[in-house]
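Chemist: Before I ask anything, here is the structure I am working with.
The values are calculated or read from the model by the stated rules, or taken from the named source; none is laboratory data. Keep in mind the model is a prediction, meaning the values are calculated, not measured. All Cβ positions, glycine included, derive from the backbone under ideal geometry; neighbour counts span all protein chains shown.
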Amino acid sequence: MNRKSPITFQTTDGQTVTVRRMLPADVNQLVYIYRQLSPESFYQRFREPASNLSPMRILEEARALAEAGYNQGAGFLAFVDLPERRGVPIAGARYICIGDDVAEVAITVCDAFQKRGVGARLLAILIEEALRESVRRLVANVDANNSAVLQLLNRYTYPQKREQVGSEILIEFDISQEGVSHSASTGRKATGPGPKRRIPPVHNARIAAFAPPYKP
(Lines give C-alpha, C1' and ligand atoms only; values in the text may rest on other atoms or scores of the structure.)
Protein backbone atom coordinates (compact mmCIF):
# COMPACT_ATOMS: atom_id res chain seq x y z
CA MET A 1 0.00 0.00 0.00
CA ASN A 2 1.24 3.48 -0.82
CA ARG A 3 1.00 5.22 2.51
CA LYS A 4 -0.36 8.37 0.83
CA SER A 5 -3.25 6.51 -0.77
CA PRO A 6 -6.39 5.74 1.27
CA ILE A 7 -7.54 2.13 1.33
CA THR A 8 -10.83 0.55 2.30
CA PHE A 9 -11.82 -2.75 3.87
CA GLN A 10 -14.93 -4.34 5.31
CA THR A 11 -15.45 -5.09 8.97
CA THR A 12 -16.56 -8.61 9.83
CA ASP A 13 -20.17 -7.40 9.78
CA GLY A 14 -19.91 -5.53 6.48
CA GLN A 15 -19.19 -1.93 7.51
CA THR A 16 -16.88 -0.10 5.10
CA VAL A 17 -13.78 1.37 6.74
CA THR A 18 -11.49 3.89 5.06
CA VAL A 19 -7.89 4.19 6.24
CA ARG A 20 -5.56 7.06 5.45
CA ARG A 21 -2.19 8.34 6.61
CA MET A 22 -2.22 10.21 9.91
CA LEU A 23 -1.07 13.84 9.74
CA PRO A 24 0.13 16.21 12.48
CA ALA A 25 -3.08 18.20 11.95
CA ASP A 26 -5.19 15.18 12.99
CA VAL A 27 -5.05 16.02 16.70
CA ASN A 28 -8.81 16.58 16.99
CA GLN A 29 -9.52 13.29 15.25
CA LEU A 30 -7.49 11.46 17.88
CA VAL A 31 -9.13 13.35 20.74
CA TYR A 32 -12.52 12.32 19.35
CA ILE A 33 -11.44 8.67 19.37
CA TYR A 34 -10.23 8.94 22.96
CA ARG A 35 -13.54 10.44 24.02
CA GLN A 36 -15.42 7.45 22.62
CA LEU A 37 -13.52 4.96 24.76
CA SER A 38 -15.14 3.14 27.62
CA PRO A 39 -13.59 3.67 31.08
CA GLU A 40 -11.82 0.30 30.78
CA SER A 41 -10.43 1.05 27.32
CA PHE A 42 -9.42 4.56 28.37
CA TYR A 43 -7.52 3.16 31.35
CA GLN A 44 -5.69 0.66 29.17
CA ARG A 45 -4.76 3.42 26.74
CA PHE A 46 -3.51 5.96 29.29
CA ARG A 47 -2.83 3.72 32.30
CA GLU A 48 -4.94 6.15 34.33
CA PRO A 49 -8.67 6.68 34.87
CA ALA A 50 -10.28 9.37 32.72
CA SER A 51 -11.06 11.36 35.88
CA ASN A 52 -7.32 11.78 36.51
CA LEU A 53 -6.56 13.39 33.17
CA SER A 54 -7.44 16.93 32.19
CA PRO A 55 -8.66 17.75 28.66
CA MET A 56 -5.33 19.51 28.10
CA ARG A 57 -3.37 16.36 28.98
CA ILE A 58 -5.44 14.34 26.51
CA LEU A 59 -4.92 17.01 23.86
CA GLU A 60 -1.18 16.98 24.46
CA GLU A 61 -1.10 13.19 24.20
CA ALA A 62 -2.95 13.33 20.89
CA ARG A 63 -0.64 16.03 19.54
CA ALA A 64 2.49 14.10 20.52
CA LEU A 65 1.17 10.92 18.93
CA ALA A 66 0.18 12.62 15.68
CA GLU A 67 3.51 14.41 15.34
CA ALA A 68 5.68 11.43 16.30
CA GLY A 69 3.72 9.05 14.08
CA TYR A 70 4.28 11.37 11.12
CA ASN A 71 7.88 12.42 11.73
CA GLN A 72 9.41 9.37 13.41
CA GLY A 73 7.45 6.47 11.98
CA ALA A 74 4.02 6.05 10.44
CA GLY A 75 0.48 6.55 11.63
CA PHE A 76 -2.96 5.78 10.19
CA LEU A 77 -6.55 6.74 10.97
CA ALA A 78 -9.66 4.69 10.22
CA PHE A 79 -13.03 6.26 9.39
CA VAL A 80 -16.60 5.09 8.76
CA ASP A 81 -19.74 6.74 7.44
CA LEU A 82 -22.64 6.66 9.90
CA PRO A 83 -26.26 7.64 9.20
CA GLU A 84 -25.91 10.84 11.20
CA ARG A 85 -22.38 11.76 10.09
CA ARG A 86 -19.86 10.90 7.40
CA GLY A 87 -16.16 10.32 7.97
CA VAL A 88 -16.31 9.47 11.67
CA PRO A 89 -12.89 8.51 13.11
CA ILE A 90 -13.03 5.13 14.86
CA ALA A 91 -9.41 4.01 15.25
CA GLY A 92 -5.81 5.10 15.14
CA ALA A 93 -2.62 3.10 14.71
CA ARG A 94 1.02 4.03 14.59
CA TYR A 95 4.56 2.86 15.00
CA ILE A 96 7.45 5.01 16.19
CA CYS A 97 11.06 4.13 15.40
CA ILE A 98 13.16 3.60 18.52
CA GLY A 99 16.30 2.27 16.84
CA ASP A 100 17.91 1.54 13.50
CA ASP A 101 15.48 -1.24 12.60
CA VAL A 102 13.02 -1.45 15.49
CA ALA A 103 9.77 0.38 16.19
CA GLU A 104 7.13 0.29 18.90
CA VAL A 105 3.54 -0.11 17.82
CA ALA A 106 0.18 0.94 19.28
CA ILE A 107 -3.44 0.69 18.14
CA THR A 108 -6.57 2.33 19.55
CA VAL A 109 -10.03 1.19 18.46
CA CYS A 110 -13.29 2.72 19.68
CA ASP A 111 -15.28 0.22 21.73
CA ALA A 112 -18.17 0.26 19.26
CA PHE A 113 -15.85 -1.13 16.58
CA GLN A 114 -13.96 -3.71 18.60
CA LYS A 115 -14.54 -7.39 17.80
CA ARG A 116 -15.05 -6.41 14.15
CA GLY A 117 -11.60 -6.98 12.63
CA VAL A 118 -10.47 -3.35 12.65
CA GLY A 119 -7.47 -3.86 14.92
CA ALA A 120 -6.19 -6.80 12.91
CA ARG A 121 -6.35 -4.89 9.64
CA LEU A 122 -4.63 -1.85 11.10
CA LEU A 123 -1.85 -4.01 12.47
CA ALA A 124 -1.41 -5.54 9.02
CA ILE A 125 -1.17 -2.06 7.48
CA LEU A 126 1.45 -1.05 10.04
CA ILE A 127 3.50 -4.16 9.29
CA GLU A 128 3.41 -3.55 5.53
CA GLU A 129 4.46 0.07 5.99
CA ALA A 130 7.19 -0.88 8.47
CA LEU A 131 8.65 -3.37 6.02
CA ARG A 132 8.61 -0.75 3.29
CA GLU A 133 10.63 1.54 5.56
CA SER A 134 13.20 -1.15 6.44
CA VAL A 135 11.91 -1.76 9.96
CA ARG A 136 12.65 -5.36 10.91
CA ARG A 137 11.31 -5.65 14.46
CA LEU A 138 8.17 -4.39 16.15
CA VAL A 139 7.71 -4.23 19.91
CA ALA A 140 4.68 -3.75 22.12
CA ASN A 141 4.09 -3.67 25.86
CA VAL A 142 0.88 -5.59 26.61
CA ASP A 143 -0.98 -6.09 29.86
CA ALA A 144 -0.64 -9.73 30.87
CA ASN A 145 -4.42 -9.94 31.26
CA ASN A 146 -5.07 -8.59 27.78
CA SER A 147 -5.83 -11.96 26.23
CA ALA A 148 -7.42 -10.37 23.16
CA VAL A 149 -4.19 -8.70 22.01
CA LEU A 150 -2.13 -11.77 22.86
CA GLN A 151 -4.48 -13.90 20.76
CA LEU A 152 -4.20 -11.43 17.90
CA LEU A 153 -0.41 -11.61 17.93
CA ASN A 154 -0.58 -15.40 18.13
CA ARG A 155 -2.25 -15.40 14.71
CA TYR A 156 1.02 -14.22 13.19
CA THR A 157 3.80 -16.67 12.41
CA TYR A 158 6.60 -14.16 12.76
CA PRO A 159 9.26 -15.22 15.30
CA GLN A 160 8.40 -13.67 18.64
CA LYS A 161 10.15 -13.01 21.93
CA ARG A 162 8.09 -12.46 25.07
CA GLU A 163 9.25 -11.34 28.49
CA GLN A 164 6.89 -10.75 31.38
CA VAL A 165 7.78 -7.95 33.78
CA GLY A 166 5.28 -7.63 36.57
CA SER A 167 1.81 -7.34 35.10
CA GLU A 168 3.03 -6.55 31.58
CA ILE A 169 4.48 -8.59 28.74
CA LEU A 170 7.10 -7.08 26.45
CA ILE A 171 6.64 -8.60 23.01
CA GLU A 172 9.08 -8.29 20.13
CA PHE A 173 8.39 -9.87 16.78
CA ASP A 174 10.64 -10.14 13.76
CA ILE A 175 8.79 -9.09 10.59
CA SER A 176 11.81 -9.38 8.31
CA GLN A 177 11.44 -13.08 7.51
CA GLU A 178 10.81 -13.57 3.79
CA GLY A 179 7.53 -15.30 3.04
CA VAL A 180 6.25 -15.35 6.61
CA SER A 181 2.48 -15.28 6.33
CA HIS A 182 0.15 -12.89 8.05
CA SER A 183 -2.80 -13.93 5.93
CA ALA A 184 -5.13 -13.76 8.91
CA SER A 185 -5.14 -10.02 8.45
CA THR A 186 -4.23 -9.20 4.84
CA GLY A 187 -4.52 -12.37 2.80
CA ARG A 188 -1.01 -11.75 1.50
CA LYS A 189 2.52 -12.70 2.40
CA ALA A 190 4.96 -10.28 3.91
CA THR A 191 7.83 -9.13 1.74
CA GLY A 192 11.33 -8.66 2.97
CA PRO A 193 12.61 -5.19 3.77
CA GLY A 194 14.31 -3.00 1.21
CA PRO A 195 17.84 -1.64 1.54
CA LYS A 196 18.64 -0.82 5.12
CA ARG A 197 18.11 2.86 5.95
CA ARG A 198 19.38 4.46 9.13
CA ILE A 199 16.44 5.61 11.25
CA PRO A 200 17.28 8.17 13.93
CA PRO A 201 16.42 6.78 17.36
CA VAL A 202 13.63 8.31 19.38
CA HIS A 203 14.96 9.18 22.82
CA ASN A 204 12.78 8.39 25.82
CA ALA A 205 10.12 6.80 23.62
CA ARG A 206 7.43 5.12 25.69
CA ILE A 207 6.70 1.59 24.58
CA ALA A 208 2.93 1.78 24.54
CA ALA A 209 0.48 -1.05 24.88
CA PHE A 210 -2.00 -1.94 22.21
CA ALA A 211 -4.79 0.20 23.56
CA PRO A 212 -7.59 -0.46 23.81
CA PRO A 213 -7.43 -4.21 23.17
CA TYR A 214 -8.51 -5.53 19.83
CA LYS A 215 -11.02 -8.30 20.48
CA PRO A 216 -11.32 -10.73 17.55
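Chemist: Can you tell me which residue in segment 9-25 is surrounded by the most Cβ atoms within 10 Å (Cβ to Cβ), limited to those that are touching a strand residue (DSSP E or B) at 6+ places or on another chain (Cβ under 8 Å) and charged (D, E, K, R)?
Modeler: 21
Chemist: Let me ask you something else. Can you tell me which residue is modelled with the lowest pLDDT among those in segment 104-136 that are within 13 Å of the chain's Cα centre (by Cα) and either more than 24 Å from residue 147 (Cβ to Cβ) or among the polar types (S, T, N, Q) (or both)?
Modeler: Of everything passing the filter in segment 104-136, 108 is modelled with the lowest pLDDT.
Chemist: If the Cβ limit is 7 Å and pairs must be 6+ apart or interchain, which residue in segment 60-88 that is farther than 16 Å from residue 98 by Cβ pairs with which residue that is aromatic (Phe, Trp, Tyr) and buried (at least 18 other Cβ atoms within 10 Å of the Cβ)?
Modeler: Once the first residue is farther than 16 Å from residue 98 by Cβ and sits in segment 60-88, its partners that are aromatic (Phe, Trp, Tyr) and buried (at least 18 other Cβ atoms within 10 Å of the Cβ) give 62/34; 87/79; 88/79.
Chemist: Applying the selection to segment 118-133, what residues are assigned to a helix (DSSP H, G or I), of a type in the set (D, E, K, R) and under 18 Å from residue 70 (Cβ atoms)?
Modeler: 128, 129, 132 - these are the residues of segment 118-133 that are assigned to a helix (DSSP H, G or I), of a type in the set (D, E, K, R) and under 18 Å from residue 70 (Cβ atoms).
So that you can scan it fast, the table gives a plain yes or no per residue for (1) polar (S, T, N, Q); (2) modelled with pLDDT of 90 or more:
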| position | (1), (2) |
| --- | --- |
| 13 | no, yes |
| 26 | no, yes |
| 39 | no, no |
| 50 | no, no |
| 54 | yes, no |
| 75 | no, yes |
| 83 | no, yes |
| 87 | no, yes |
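Chemist: Residues being of a type in the set (D, E, K, R) and either surrounded by 18 or more Cβ atoms within 10 Å (Cβ to Cβ) or assigned to a loop (DSSP other than H, G, I, E, B) (or both): count how many of those fall in segment 144-161.
Modeler: Taking segment 144-161 as the starting set, the residues that turn out to be of a type in the set (D, E, K, R) are 155, 161.
From the residues that got through so far, the ones that are either surrounded by 18 or more Cβ atoms within 10 Å (Cβ to Cβ) or assigned to a loop (DSSP other than H, G, I, E, B) (or both) too are 155.
Of the residues in that region, 1 qualify.
Chemist: Given the conditions (1) surrounded by 14 or more Cβ atoms within 10 Å (Cβ to Cβ); (2) touching a strand residue (DSSP E or B) at 6+ places or on another chain (Cβ under 8 Å); (3) not acidic (Asp, Glu), report the number of the one that residue 42 does not fulfil.
Modeler: With respect to (1) surrounded by 14 or more Cβ atoms within 10 Å (Cβ to Cβ); (2) touching a strand residue (DSSP E or B) at 6+ places or on another chain (Cβ under 8 Å); (3) not acidic (Asp, Glu), residue 42 is out only on (2).
Chemist: Here is a check on your reading of the model: is residue 118 within 19 Å of residue 152 (Cβ to Cβ), touching a Ser or Thr at 6+ places or on another chain (Cβ under 9 Å), buried (at least 18 other Cβ atoms within 10 Å of the Cβ) and not aromatic (Phe, Trp, Tyr)?
Modeler: yes
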